[in-house]
Amino acid sequence: MDKKNRLIVFGLIALVAVSIASLSGFMVTEQSVETVSSGPPKAVIIDQLSEEFPNEFFYKKAVEYLETAGYKVDIVTTKDITVDYYKNLPEKNYKMVIVRTHGADNTEGNNVVLFTGEKYQDDKYIQEQLFGQVTKAAPLLEVAYKPADESESNWVIVNDTYSYLKSSVKKETSAENEFFAISPKLVSDSMKGKFDDTVFILGGCNTLSNPSMATSLFKRGASAVIGWDNKVGSTDNDNAILYFLQLHLTQDFDIEKSVDILRDAMNPQLMPFPANFTHYQNLV
């Protein structure tokens, strides 16, 4: 039976400060994959923000919720999150993958990308770069914006934590702040093996601003992809993921209900601009 994807958007999530990470689907040849499961299900926290935004409390509570639900938990931090790590991810047999990641500025084709911890080099992963499987990306918080017209008053102050430019800007990035990021095409074309109904929580800016990454993950065997359609602060992102895990894993609410409850618990009046907590679910 053909599989269809359904988009469900569940309202506004509070933002306090902007930080972190910024999907066209590609066909994958369907293969019959026989998996042998032994021992407890496995989960992984892939924390690309571990060096810049460490959060030991997040680790403690996430591991607590996962272990309470019977998962064996791995944690992978910035230095070990490489292009090759993502290529081999399906073979690690995780049932839940939680990602803390930066948000990217505009990417080629407006695809969602996932940051690695590898600084960009133009002479590395040459083939993958040529085929659009990896790209260089600068975190949103590392992109400098300067007014295009210095003579006018450009900034509009909204509140103590948020302001915006009303004129055009020039974007400036530094090579030292550019990282390799994986695109949906790497998921579709170069990952090894298949996921086994794996749930992905993509914690970072714009991770579900369009379905390109989710589509590729579904075709690689994911069952649900959860993320944000706009910018999100690191604190709000961590708190939202923890509350989702509490609802879904320790209170036994399904994914849809957990997201719905989470939405209702947040205070949209704290938001400088709207962000939707979103999930795509693969339906048979």
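Listed here are the residues, each with its yes/no results for (1) out of contact with any helix residue (DSSP H, G or I) (no Cβ under 8 Å at 6 or more places or on another chain); (2) modelled with pLDDT of 95 or more.
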| site | (1), (2) |
| --- | --- |
| Met191 | no, yes |
| Asp196 | yes, yes |
| Thr207 | no, no |
| Asp238 | no, no |
| Leu245 | no, yes |
| Val259 | no, no |
| Pro272 | yes, no |
| Asn276 | yes, no |
| Gln281 | no, no |
Does any residue of the range 220-236 turn out to be farther than 25 Å from Leu89 by Cβ, surrounded by fewer than 23 Cβ atoms within 10 Å (Cβ to Cβ) and of a type in the set (Ser, Thr, Tyr)? yes
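The values are calculated or read from the model by the stated rules, or taken from the named source; none is laboratory data. All figures in this text were calculated on a predicted structure; none of them were measured in a lab. Because the Cβ atoms are built from the backbone with ideal geometry, glycine has one as well, and the counts that use them run over all protein chains shown.
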